[in-house]
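Below: the structure, in structure tokens.
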Amino acid sequence: MSKSTINNGEILDDWISQAEAARIRGVSKQAIAKLIARKRLAGREIAGRMLVMRSEVEAFTPMPIGRPRKSTLAKKAAPKKKAAPKKKAD
């Protein structure tokens, strides 16, 4: 059985639809589309359909959401100095 190939020799069977990618990851098709738009997943339009590489979808690790927490180690390592009391003007 021969495998279908794309122009540059890539095997077409390695590419899956956004719907299949969503089923693999357990997310919506819109979430996959957003990842493609943000360049987190490589997408390729073939025959009018946007496809993604199966290996990329399976290996994808999401980034943490929100701002990173401030380090508490810096606060504990260097205690704050108390300001000297102000002198009264005569």
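Read-outs: derived from the displayed coordinates by stated rules, not from any lab. In this text, all values refer to a predicted model and were calculated from it rather than measured experimentally. All Cβ positions, glycine included, derive from the backbone under ideal geometry; neighbour counts span all protein chains shown.
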Quiz item: Mind checking which residues of segment 38-75 are over 18 Å from ASP13 (Cβ atoms), among the aliphatic types (A, V, I, L, M) and either more than 11 Å from the chain's Cα centre (by Cα) or part of a strand (DSSP E or B) (or both)?
Solution: LEU73, ALA74
Exercise. For segment 19-37, enumerate the residues that are hydrophobic (A, V, I, L, M, F, W, C) and not in a loop (DSSP other than H, G, I, E, B).
Key: ALA19, ALA21, ALA22, ILE24, ALA31, ILE32, ALA33, LEU35, ILE36, ALA37
Quiz prompt | Complete set of residues in segment 25-51 that are farther than 19 Å from ILE65 by Cβ, surrounded by 14 or more Cβ atoms within 10 Å (Cβ to Cβ) and in contact with an Asp or Glu (Cβ under 8 Å, 6 or more places away or on another chain) | solution = LEU51
